[in-house]
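Novice: What follows is a single structure, and I will ask about it in a moment.
The values are calculated or read from the model by the stated rules, or taken from the named source; none is laboratory data. The structure displayed is predicted, hence computed values, not measured ones. Don't worry about glycine lacking a Cβ; one is built from the backbone with ideal geometry, like all the others, and counts go over all protein chains shown. We work out accessible area using only protein heavy atoms, side chains counted, and drop any ligands, DNA or RNA first. Shrake-Rupley method; radii C 1.70, N 1.55, O 1.52, S 1.80 Å.
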Amino acid sequence: MQTILVTGGAGFIGANFILLARRLQWANIVNLDKLTYASNLENLAEVQADKNYNFIQGDIANFELVTYLLEQYHPDAIINFAAESHVDRSIFSPQEFIQTNVVGTFQLLEASRFYWHKLSFEQQKKFRFLHISTDEVYGSLTPQEQAFREDMPYAPNSPYAASKAASDHFVRAYYHTYGLPTLTTNCSNNYGPMQFPEKLIPLIILNAIDSKPLPIYGDGQNIRDWLYVIDHCQAIYLVLKQGKTGETYNIGGMNEQSNVKVVEKICAILDELVPQPNFHYSSLITFVQDRPGHDRRYAINCHKLSHELGWQPQENFDSGLIKTVKWYLNNISWVNQVRSGSYQKWLKQNYENR
Ligand code: NAD
Ligand code: DAU
């Protein structure tokens, strides 16, 4: 079986990927994660005792550590999930985003390039460096504009998006300059189990069950294209196995929703699952000051992925959202652990003066 070095595997998408990879016997996994506030080793409890899973706490920007791990575990592929991922945090403190997303990806590429050079010709041909990126690098669409295609110019608008765009450019450069067999995926908004509740969907679920205000930025008409996280993970594996090196692949849910619609759907699900005698959850909706530079609309054209590699999302938004809400209701110990002091500090910083 192949070995994959996964970075950022204790976060939301990385953990979902690792659990799936081990359940479906896709590969042995080595997980390198710095364990920032966004991570949670509880996400990986199921594989903790699995002898084909190894966890190492560390930073992708640590060239010596990454070099050591590559020599130690000899992976056939690297999937780089590790990143600072929250747009609002990038507005308050962009530096960490440059450090991990740009410098970290660069150091990971450097270590990978030296490792790859030392492989046999056959191993070199099989090796893959898959970089997980975002649709936010393409900027913002008007309601009339066509969905993002892979050949569209980059136009990042937030410090987060700019840092991801920079990392994507380095990945591209390492393919063209050094021949490192890279692939990049640009995905739309994910939702599902184990997402840190700074992001819209889990934040709304947790605030609602606490009967707290449900903050919607601006007029709530911003549009995102939502994809269930397991569909994203399946697409990543497909690109890893069958994608053409040097290429980028868009991944999306073909599921554009305004923020207000998303929040109303969550409220309706909670009205069914945990009805309140005195109010409907939607009465908690509160419009708050907008996010600076808030992108109006994202939409993904993933024709290349579906046409060339045969991928289709399996989950529909209504059933995926119900599963997600139920996951948070059924995992209160996870939720309580996450709602620690540092999370409270973040809520204060982001919402108190809105
Ligand atoms: P997340 O914030 O939930 O998890 C990120 C993980 O990376 C955490 O476990 C964290 O500890 C780790 N990490 C951070 N800095 C690190 C470093 N320097 N070295 C090693 N590990 C480090 O993020 P996510 O939502 O799971 O996103 C994963 C990737 O997918 C990111 O690259 C993100 O840009 C991309 N992406 C996310 C979405 C989404 O909707 N969440 C959509 C498209 C693309
Ligand atoms: O598009 C892919 C991107 O999706 C990923 O690259 C990012 O890592 C991920 O965080 C996500 O970015 P967004 O900014 O779109 O996600 P977020 O959940 O923060 O916000 C979704 C929408 O909801 C956005 O329009 C802002 C709005 N929002 C968000 C929060 C947290 C609110 O209205 N209220 C809120 O409290």
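Novice: May I ask which of Lys244/Lys265; Lys34/Lys345; Lys212/Lys304 have a Cα-Cα span longer than 32 Å here?
Specialist: Result: Lys244/Lys265; Lys212/Lys304 exceed 32 Å.
Novice: Over the alpha-carbon set of segment 49-201, divide Rg by the Kirkwood Rh and report the Rg/Rh ratio to two decimals. Write down the numbers at each step before the final one.
Specialist: Numbers: Rg = 16.7 Å, Rh = 16.8 Å.
Here Rg/Rh amounts to 0.99.
Novice: In addition: Could you tell me which of Gln257, Gly246, His232 has its Cα farthest along the dipole of segment 223-273 towards the positive end, charges placed at Cβ (Lys, Arg +1; Asp, Glu -1), taken about the Cα centre?
Specialist: Looking along the dipole axis, the top candidate is Gly246.
Novice: Cβ neighbours within 10 Å, averaged per peptide: list 255-263, 338-346 in order, most packed at the top.
Specialist: 255-263, 338-346
Novice: Just for the chain, what percent of DSSP beta bridges are antiparallel, to the closest 5?
Specialist: Taking every DSSP beta bridge within the chain, about 10 percent pair in antiparallel fashion.
Novice: Please label the shape of segment 252-354 as rounded, prolate or oblate, based on the square roots a ≥ b ≥ c of the eigenvalues of the alpha-carbon gyration tensor (a/c under 1.5 means rounded; beyond that, a/b larger than b/c means prolate, else oblate).
Specialist: prolate
Novice: Listed highest first by mean packing, meaning other Cβ atoms within 10 Å per residue, what order do 84-91, 228-235 come in?
Specialist: In decreasing order of mean packing, 84-91, 228-235 become 228-235, 84-91.
Novice: How are the alpha carbon pair distances in segment 111-244 distributed across 5 Å bins from zero to the largest one, expressed in percent?
Specialist: 2, 8, 14, 17, 18, 14, 11, 7, 4, 3, 1, 0
Novice: Rounded, prolate or oblate, given the Cα gyration tensor of the chain, with a/c below 1.5 counting as rounded?
Specialist: The shape class here is prolate.
Novice: Taking all protein chains in place and a 1.4 Å probe, what share, in percent, of the accessible surface of the chain do carbon and sulfur account for?
Specialist: Summing carbon and sulfur atoms, their accessible area is 51 percent of the total for the chain.
Novice: To continue, here is another question. Points 7 angstrom from Cα along the Cβ direction at Gln312 and Gln2: gap in nanometres?
Specialist: 2.5
Novice: Hey, rough spin-label estimate for Arg23 and Ala49, points 7 angstrom out along Cα→Cβ, what's it come to in nanometres?
Specialist: So the label points at Arg23 and Ala49 sit 1.9 nm apart.
Novice: Which one, Ala165, Ile266, Asn31, projects farthest toward the positive side of the charge dipole computed for the chain from Cβ point charges (K/R +1, D/E -1)?
Specialist: In the chain, that residue is Asn31.
Novice: Using the Cα centre as the reference, give the magnitude of the dipole from point charges on the C-beta atoms of the chain (Lys, Arg: +1; Asp, Glu: -1; all else neutral), rounded to the nearest 20 debye.
Specialist: On the way: 30 positive and 35 negative charges, 63 e Å.
I would put it at about 300 debye.
Novice: Moving to a separate point now. Quick check on packing: order 177-184, 207-214 by the mean number of other C-beta atoms within 10 Å, highest mean leading.
Specialist: Final packing ranking: 177-184, 207-214.
Novice: Could you list log10 I(q)/I(0) for segment 298-354 at q = 0.23 Å⁻¹, which the Debye formula gives when each Cα is one point scatterer?
Specialist: For segment 298-354, the Cα-only Debye profile gives -0.92.
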